[in-house]
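See structure below.
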Amino acid sequence: MRITTRLAHSHSSVNTSEQKAQNQIKTPEDSIQYVLLPSNARKRYKKLLASQPSLEEESENSGYNKFVDGKDKSLGIIVSGIAYNYLLENFDGGEIPFPFIKISQYPLPKKMIEKLCDECNEIMVIEEGYPLIEESISGLLGRGIKVRGRFDGSIPRDGELNPNIVAQALGLETLQSNPVSDIIVGRPPSLCDGCPHADTFRAINEAMAEHSKGRNFSDIGCYTLGALPPYQSINSCVDMGASITMAKGAADAGLLPSISVIGDSTFTHSGITGLLDAVNDKSPITIFILDNYTTAMTGGQFSPANGRIEEICKGVGVEAEHIRIIEPLKKNHNDNVRIIKEEVAYNGVSVIIPRRECVVTLTQKSKEKKKAKQ
């Protein structure tokens, strides 16, 4: 499945059917097919290449990819995903005058594309995100037909598509703008009112005010919003667990002090190994493990670290006296700033655990208690 921003932000009702019987558990016939030693990997790759013709045939005949003829052969269109909806909007859902291929299955249907190229003067590729199809067909065709799209500037190289961009690429009159969107100012995402991370960032900012910016390496979670105003507290978000290893690398290279911010669930997902490396190398970093008792960013699932963060840190070798727990509340601000300064000044690995429940899950629990009493 090709993930794009609109797809990731979409939701829909789904009609379910009777569940099919699951496959019986069995081991693979080739018992070493998942052992990717070089000698075996070469064999597996040959098998993968050998399967391509059948995959291409399936792509041509499954019905998920379709060729729709049109009267105006000056242009052939290859379209995929939500870009197809934008194309339809420009013709009010009616007949599209140009021949087009709607891509819904990979690998690309080579015969369909060759047919489109044979019939049309040039090709327009309309796809969301990176120009994957546009790049692929340049090697697929091996002919001189002009291909328009993101690479030649017919469609902007960056940013999401919309119906007006598609209209401009096709030389059509753009659709009317939405009068509501013209007057409503976009609101950037922000931490919830009462979020414990907000009080943590205020304390971090004050404690680190005497040092230059660019020292706070963060991770993926609600707390990543600490990069935005009014906090502007964190300086990185790369992948889960990278905050600790990036802070370690910075400190080992001489950027002192260096700190990292990671959530409780992200810490158990992929942060523990980075902490172990920092302990083994005695890297002078301070790690904030933000404990809000839940996996807040993705809906409030149970956090595997719940109630065990301190023991995990001790288990990988962090000195007990440098595992500090603070309660991120305005009334504790001065004490929290003092503790942060003490640990940042320590020439070794220290862990600070700001601990207060996520305001969203706390509110949900309160509502459930009230319902239970009624």
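Per-structure values
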quantity	calculated
If the convex hull is drawn through the Cα atoms of the chain, its volume per residue in Å³	268
Span per principal axis, largest first, for the Cα atoms of the range 216-374 (Å)	59, 30, 30
Entries of K43/K111; K47/K111; K43/K102 with Cα pairs more than 25 Å apart	K43/K111; K43/K102
Cα pair count fraction exceeding 15 Å, expressed as % - the range 284-344	60
R324 long-range amide H proximity, modeled H, under 5 Å	V351, I352, I353
The range 339-374-the range 21-90 distance, computed between alpha-carbon centres (Å)	46
Computed helical MRE - 222 nm, the chain, DSSP H runs ≥ 4 contributing -39500 (n - 2.57), nearest 500	-10500 deg cm²/dmol
Among L228, L55, L37: highest mean-square fluctuation, GNM of the chain, C-alpha pairs under 10 Å	L37
Net lengthening on full extension, A227/M1 (0.36 nm per residue, minus Cα-Cα)	78.3 nm
Pairs of Lys in the range 196-361 closer than 21 Å at Cα, counting only those 8 or more apart or on different chains	9
Fewest-first ranking of L75, L49, L87, L329, using other Cβ atoms within 10 Å as the exposure measure	L49, L329, L75, L87
Likely footprinting exposure, F151, F98, F302, F67, fewest C-beta neighbours within 10 Å first	F302, F151, F67, F98
Nearest-0.05 FRET efficiency for E119 and A209, computed from C-beta distance (R0 45 Å)	0.10
Nearest-ten-degree value, helix 110-119 long axis tilted from longest Cα axis of the chain	50
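Throughout, read-outs are computed from the coordinates displayed, never taken from laboratory work. This structure is a prediction, so every number in the text was calculated from the model and none was measured. Note that each Cβ is placed from the backbone with ideal geometry, even for glycine, and that neighbours are counted across all protein chains shown.
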